[in-house]
Amino acid sequence: MEQLLIGEILKPQGIRGEVKMKNYTDGFFAISDLNEVFINGVSYQVLKMRCDKDVFMLLRGVADRNAAELLRGAKVYALKNEVKRKKNTYFICDVLGCKILFENGEFFGEVQDILSARTDIYYISTENGRVIAPWLKSYNAQFDIENKQITVNKEAFLQEISYEN
């Protein structure tokens with residue numbers, strides 16, 4: 001099964017082995033039901049997870065603050081199919097490498113990177129250089145993740161993009 005990066009251990013929390021995690025997902029709802037996470041290639045059963053501005057986890061096998069301290073800075077992964085996402089949203093890792101096509105089938109470029117923000121910023125490589133595009137609803141984007149392509153409205157899309165210098 002494919003794993004997805006969901007966060008990073010920031011520090012121990014308290015003396016009973018609980019850890020504070022920086023959440024890389026769209027929100028606590030995405031990970032709130034996880035039963036297992038992977039840290040440094042080791043599987044940990046999630047005994048308890050809570051959110052109070054930050055995410056806190058109690059993991060089987062992490063019995064005290066000293067054990068939790070050893071996880072500081074470690075990346076946290078989960079099975080991709082167990083991480084929830086909102087309807088009509090996609091994981092960044094699935095969008096990277098997608099071809100951008102216009103509604104007439106014309107190829108524009110390929111998604112190289114995405115900056116996740118209030119309005120996501122897509123970095124697209126084209127034959128004329130790298131393009132920066134805020135991802136807007138006006139593009140009427142149709143995602144076909146299976147075939148690694150995104151179809152957008154040409155007129156709306158071309159109005160918003162800018163080429164990197």
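We did not get these values from a lab; they are worked out from the coordinates using the rules stated. Fair warning: this is a prediction, and the values are worked out from it, not measured in the lab.
Put the Cα centre of the stretch 118-142 next to the Cα centre of the stretch 1-59 and the gap is 31 Å.
Working note: Karplus 6.51/-1.76/1.60 with θ = phi - 60° gives the stretch 54-63 the couplings 10, 9, 10, 10, 10, 10, 5, x, 10, 8 Hz, where Gly and Pro are set to x. For the chain, adding -39500 (n - 2.57) for each run of n ≥ 4 DSSP H residues and dividing by the number of residues yields -2000 deg cm²/dmol at 222 nm. Can you give the percent of C-alpha pairs in the stretch 3-82 whose distance is more than 18 Å? When every Cα pair of the stretch 3-82 is considered, 29 percent fall beyond 18 Å. Using only the Cα atoms of the stretch 92-163, build the gyration tensor, take square roots of its eigenvalues as a ≥ b ≥ c, and label the shape rounded, prolate or oblate: rounded if a/c is under 1.5, else prolate if a/b is larger than b/c, else oblate. Rounded shape, in that the Cα axes give a/c under 1.5. Values of log10 I(q)/I(0) for the chain across q = 0.13, 0.17, 0.18 Å⁻¹ run -0.71, -0.95, -1.01, by the Debye formula with one identical scatterer at each alpha carbon and no solvent.
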